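Undergrad: Below: one structure in structure tokens.
The values are calculated or read from the model by the stated rules, or taken from the named source; none is laboratory data. All values reported here derive from a predicted model rather than from experimental measurement. Virtual Cβ from ideal backbone geometry, glycine too; neighbours counted across all protein chains shown. Keep in mind that these areas ignore ligands, DNA and RNA; they rest on the heavy atoms of the full protein, side chains included. Shrake-Rupley method; radii C 1.70, N 1.55, O 1.52, S 1.80 Å.
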Amino acid sequence: MRKALRWLLALTVSIGTLSTAGVATAAQPEATNGPASSTEADILNQLLAIPGMSLIQEKPYAGYRYFVLNYTQPVDHRNPSKGTFQQRITVLHKGVDRPTVFYTGGYNVSTTPSRREPTQIVDGNQVSMEYRFFTPSRPAPADWSKLDIWQAASDQHRIYQALKPLYSHNWIATGGSKGGMTATYYKRFYPGDMDGVVAYVAPNDVVNKEDSAYDRFFATVGTKECRDRLNGVQREALVRRASLENKYAEFAADNGYTFTTIGTLDKAYEAVVLDYVWGFWQYSLLKDCGTIPGDAKNATDQQIWDSVNAISGFDAYTDQGLETYTPYYYQAGTQLGAPTIQFPHIEKKLIRYGYQPPRNFVPRSIPMKFQPSAMRDVDTWVRQHANHMLFVYGENDPWGSERFRLGNGARDSYVFTAPGMNHGANVAGLVPDEKALATAKILEWAGVATPAVQVNPSVAKPLAGFDAKLDVRDVEREPALRP
């Protein structure tokens, strides 16, 4: 993998003067949130004074100002003269005297005000970025070779450089799942930008062809009774392939679904069924096993269909279901890697395709070539150079089977596992000692830890109270097999 070059820093600073042609015209704010100092009242003007920044919309939220913005980015950070595109970002503004959390989910950005866990902990601002090539933050025409982890990290670097003069206090990068991967890659390529990283449930597929860790996970996760229920439904869905595929064909026709990218309805059906067990553990908890049919062989076709559809989603591998996630599957097939697991509870004659590669989920018009060095490079860097990095995983989340680990070169960095939790694992779900330590470290890295917390991390608590609307605690639900 190419590494970020030192001369690029000066180059990217100069890109701030790129043309803003085609940027949405600044809209009028919908509302403000009461009295503010002259500095705070002028925050929108200060944001729009940044070259390449334009307003899409302002939305009201008590105690904050919330902006949806476009920022002009180069398609290729190595060759900024090759064109630009508009990248959506949002800013949840608390105050220029507060730390800032830089969040990305690794997919589309939500335009509804929300606050990630580190933002609540530090009571700060939050900048959220839409990942490049997710609509509408996609260059036109799309040169897919410019969708890689270094280019995306460079997007974050330029946004940080643009906003740091305004939000001058400490910054922490965060994200969940693919967003946790993104935060880690950003730290690897631009280690001097962030004062800390909080990466949630971030997979780390160092060797793409070696996935036995997942098989070991599925052999022991939860209880035998729960595993038997799930395995039974999954197997039965393949035993009844003919009758359930007839139902699938009707479902597709009724909804206008097509299967050009994956190739056939049969391939899509098997892909959905093979996602079933994974999807349950990714999004559900052990207590939810009671919702799974206990006697799959005697269950009706409708019961099997309903259970698989509720967890895997029969629309997932249609052209319409795949289209939104084309950038993810492209990255999985070029750099990130993708899991392949075995199904010892299913006879080989029932499985025709197995876990299909990402190539099958990306239109053939888009060329793909896997780069095995990409994840090895990041993994080596984390083991040797991680500093102020916190990784949080869920005990029952399959994506945690291949995770980031720290080596002798890591400093002030941690890997914690939340007992019983799934892909929605967070700091709040850690055991008390680890929860307090993680909270204290986030406060410390953000520069807002009190003297009492510095002396005794066990007293650390979030600085902002929980807000049921603003603080998202549920799993960021995507179809199974997408982190």
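Undergrad: With each pseudo-label sitting 7 Å past Cα toward Cβ, what's the S110-Q384 distance in nm, one decimal?
TA: It is 3.8 nm.
Undergrad: In addition: Tell me the angle of helix 149-163 to the major Cα principal axis of the chain, expressed in degrees between 0 and 90 and rounded to the nearest ten.
TA: 30
Undergrad: Largest first and to the nearest Å, give the Cα extent of region 30-170 along each principal axis.
TA: The principal-axis extents, from largest down, are 46, 29, 26 Å.
Undergrad: Let me ask something else about it. How big is the convex hull of the Cα atoms of region 264-353, per residue, in Å³?
TA: 130
Undergrad: With a 1.4 Å probe and all protein chains kept in place, how much accessible area does E444 have, in Å² rounded to the nearest 10?
TA: Roughly 90 Å² of E444 is accessible to a 1.4 Å probe.
Undergrad: Any number yet on Rg/Rh for region 353-483, C-alpha, Kirkwood?
TA: With Rh from the inverse mean 1/r over Cα pairs, Rg/Rh is 1.05.
Undergrad: Also: Just the accessible area per residue of region 334-483, please: how many Å² with a 1.4 Å probe?
TA: Here the per-residue accessible area is 48 Å².
Undergrad: Based on the Cα coordinates of region 103-205, what is the per residue volume of their convex hull in Å³?
TA: 106
Undergrad: Measuring from label point to label point, each 7 Å out along Cα→Cβ, what is the D467 to D228 span in nm?
TA: Going by the 7 Å Cα→Cβ label model, 4.9 nm.
Undergrad: Where Lys and Arg each count +1 and Asp and Glu each count -1, what net charge lies around Q454 among other residues with Cβ under 13 Å from its Cβ?
TA: It works out to a net charge of 0.
Undergrad: Follow-up question, since we're still on this one. Translational diffusion coefficient of region 198-336 at 37 °C, 0.692 mPa s, Stokes-Einstein with Kirkwood Rh over Cα pairs, in µm²/s as a whole number.
TA: My calculation gives 200 µm²/s for D.
Undergrad: Something else now. To one decimal place, what Kirkwood hydrodynamic radius in Å is obtained for region 129-282 from all pairs of distinct Cα atoms?
TA: Computed over Cα pairs of region 129-282, the Kirkwood hydrodynamic radius comes out at 19.5 Å.
Undergrad: Right, another one. Note the direction-averaged projected area, equal to a quarter of the hull surface, for the Cα convex hull of the chain, in nm².
TA: In nm², the orientation-averaged hull projection of the chain is 23.3.
Undergrad: Rg/Rh for region 312-369 to two decimals, with Rh computed the Kirkwood way over all alpha-carbon pairs.
TA: Ratio of gyration radius to Kirkwood radius: 1.01.
Undergrad: Among 219-229, 387-397, 204-214, 96-106, how do they line up from the highest to the lowest mean number of other beta-carbon atoms within 10 Å?
TA: Highest-to-lowest ranking by the protection proxy: 96-106, 387-397, 204-214, 219-229.
Undergrad: Which net charge results when you count Lys and Arg as +1 and Asp and Glu as -1 among the other residues whose beta-carbon is under 11 Å from that of P139?
TA: Every neighbour counted, the sum reads +2.
Undergrad: Extending each Cα 7 Å along its Cβ direction at K348 and T135, get the distance between those two points in nm, one decimal.
TA: Output for this residue pair reads 4.2 nm.
Undergrad: Please compute the Kirkwood hydrodynamic radius of region 87-150 from all pairs of different C-alpha atoms, in Å with one decimal.
TA: Every distinct Cα pair counted, the radius reaches 12.8 Å.
Undergrad: Residues of region 177-241: accessible area per residue at 1.4 Å, in Å²?
TA: 33
Undergrad: Using 0.36 nm per residue, how much length does the chain from D254 to A219 gain when fully extended, once their Cα-Cα distance is taken away?
TA: Value of the extension gain: 8.8 nm.
Undergrad: In degrees from 0 to 90, rounded to the nearest 10, what is the angle of the helix 432-445 Cα long axis to the longest principal axis of the chain?
TA: 40
Undergrad: Could you tell me what percent of the accessible area of the chain is made up of carbon and sulfur, with a 1.4 Å probe and every protein chain present?
TA: 52
Undergrad: Let me ask something else about it. Where does each of 336-345, 149-158 land if you order them by average Cβ count within 10 Å, highest first?
TA: Put in order of decreasing packing, that is 149-158, 336-345.
Undergrad: So, one more: Using only the alpha-carbon atoms of region 175-266, report the extent along each of the three principal axes, biggest first, to the nearest angstrom.
TA: 57, 38, 23
Undergrad: With the other protein chains left in place, how much accessible area per residue, in square angstrom, belongs to region 275-315 at a 1.4 angstrom probe?
TA: 42
Undergrad: What number comes out for the charge environment of A173, summing +1 per Lys or Arg and -1 per Asp or Glu over other residues with Cβ under 15 Å away?
TA: +3
Undergrad: If you line up the long axis of helix 241-255 against the longest principal axis of the chain, both from Cα atoms, how many degrees apart are they, to the nearest 10?
TA: 40
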